[in-house]
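Okay, structure first, notes after.
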Amino acid sequence: DCPPEAGDFRAQQCSAHNDVKHHGQFYEWLPVSNDPDNPCSLKCQAKGTTLVVELAPKVLDGTRCYTESLDMCISGLCQIVGCDHQLGSTVKEDNCGVCNGDGSTCRLVRGQYKSQLSATKLDDTVVAIPYGSRHIRLVLKGPDHLYLETKTLQGAKGENSLSSTGTFLVDNSTVDFQKFPDKEILRMAGPLTADFIVKIRDSGPTDSTVQFIFYQPIIHRWRETDFFPCSATCGGGYQLTSAECYDLRSNRVVADQYCHYYPENIKPKPKLQECNLDPCPASDGYKQIMPYDLYHPLPRWEATPWTACSSSCGGGIQSRAVSCVEEDIQGHVTSVEEWKCMYTPKMPIVQPCNIFDCPKWLAQEWSPCTVTCGQGLRYRVVLCIDHRGMHTGGCSPKTKPHIKEECIIPTPCYKPKEKLPVEAKLPWYKQAQELEEGAAVSEEPS
């Protein structure tokens, strides 16, 4: 890699012509890059003018053909260069930015967000995109606007409102933003140099949707430990390695569940080796090296029962104790050091439980107003519904939506002139009578 102060190689070759007269005049020459027809000729533009001149038919060997590629010009011809910096190599970076990688160090995150903004909630988080993510693309459809909040690893915070189309530098990451009347498109090649939080600002009566896709680095990875101490000081014993979960950002060991969170992470199996094979001095100088013979079962994990769930709904956790035990020939079980069991995976000590949604209130449609003019009431049914859609109990009375409210019909009420009551015509009168007779009184509401 060139030192950062080296400058652009093509620019150096153009500026070498600054002290040579062109048509009787001196110019300051700037490079013209990415010429699709002949990327290996030295084309330069005179500063402050539109004058573009080919100052040499070939650039010097080792000049990049294009600014965004490793391919380089040799003898005036563009030759391919792989990410391993070898001429003629076709090796490329994977989506995670690893040269000749298999894509296992990052994961594809994609999703859709629907805005839920209101008069009281004018902005909302769409997605948090962590440090080191690549190939980010978001498309917002609707009247709302995207904006960015950033937080660097040092804790410095920033904000960018993305008010117009263009390419911006936000915390050293290049952001390409396009604004259309009915949609916005945000692209970032990455790798991001900070944590980005994409938010949405309310600016229209209708809802917006945002589709997003990006590759997120897997920052917690397993790494193998050294061998644990030997199980015997002489006469032959055994020792094992284990695996610990490592945080690549903070460079420290963290709890195992961080690594279990990524299904792509496969925990390395422990290795087993014999050790301290020298004979013990007090014995007859010979011991058969078989740490696991038939009478000595391997140490094993043993777990206590799960505790009760910490929450009855909405996701809780329950835990248990797991310890490494050894059983002797008589069947006595004793606790031993954990590393002796590391040849098999340790059973999980916490697990999620009752992850279904808590019951919530569901309000039905309002009834028509009880009057046809003036002020009346309208009613609705409010049910407590569980995660299966069944009518249940357990919703908070404090959050229950109200079941009746006043309503006003804009038609004014007026009193008609007093008229004598009109006799009901016979068929109607008969029908009313029949209806009354048939209605049996029941205790149950229906």
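The values are calculated or read from the model by the stated rules, or taken from the named source; none is laboratory data. Every value quoted in this text rests on a predicted model; they were computed, and no experiment measured them. Ideal geometry is used to build each Cβ from the backbone, glycine not excepted, and the neighbour counts take in all protein chains shown. In case anyone asks, the SASA skips ligands and DNA or RNA and just uses the protein heavy atoms, side chains included. Shrake-Rupley method; radii C 1.70, N 1.55, O 1.52, S 1.80 Å.
Descriptive notes on the structure:
- Between Leu108, Thr193, His145, the Cα set farthest toward the positive side of the dipole of segment 106-217 (charges on each charged residue's Cβ, about the Cα centre) is that of Leu108.
- Calculated log₁₀ intensity ratio I(q)/I(0) where the Debye formula runs over C-alpha points of segment 360-409, q = 0.16, 0.26 Å⁻¹: -0.53, -0.90
- Neighbour-limited loop hits for trypsin sites (Lys or Arg not before Pro), segment 308-411 (at most 16 other Cβ within 10 Å; DSSP other than H, G, I, E, B): Arg320, Lys346, Arg380, Arg388
- Normalised per residue, the accessible area of the chain is 67 Å², obtained with a 1.4 Å probe and no contribution from ligands, DNA or RNA.
- Net dipole in debye of segment 106-217 [+1 Lys, Arg Cβ; -1 Asp, Glu Cβ; about Cα centre; nearest 20]: 340
- Integer Hz, Karplus 6.51/-1.76/1.60 couplings in order for segment 368-381, x for Gly and Pro: x, 5, 6, 10, 9, 8, x, 9, x, 10, 10, 10, 8, 8
- Of all aspartates and glutamates in the structure, the ones whose alpha carbon falls short of 12 Å from that of Lys404, not counting any fewer than 8 places away in one chain, are Glu365.
- You can think of it this way: the chain between Gln257 and Asp102 has 53.4 nm of extra reach, that is 0.36 nm per residue less the Cα-Cα gap.
- For segment 61-119, size of Cβ-based charge dipole, Lys and Arg +1, Asp and Glu -1, in debye: 440
- Pair-distance profile P(r), taking every C-alpha pair of the chain, with 10 angstrom steps and integer %: 3, 10, 14, 16, 15, 12, 10, 9, 5, 3, 2, 1, 0
- Dipole magnitude of segment 325-364 about its Cα centre (Cβ charges: Lys, Arg +1; Asp, Glu -1), debye to nearest 20: 360
- Pairs of lysine residues in segment 106-217 that meet both criteria, 8 or more places apart or on different chains and Cα atoms under 19 Å apart, total 12.
- For Thr63, the residues 5 or more places off, or on other chains, whose built amide H falls under 5 Å of its own are Cys73.
- The candidates Lys92, Lys271, arranged from most to least accessible area with a 1.4 Å probe in the full protein assembly, appear as Lys92, Lys271.
- Database note for the chain: Cys without another Cys beta carbon under 4.7 angstrom, Cys2.
- When a 1.4 Å probe is rolled over the protein heavy atoms, the share of accessible surface on the chain that falls to carbon and sulfur comes to 55 percent.
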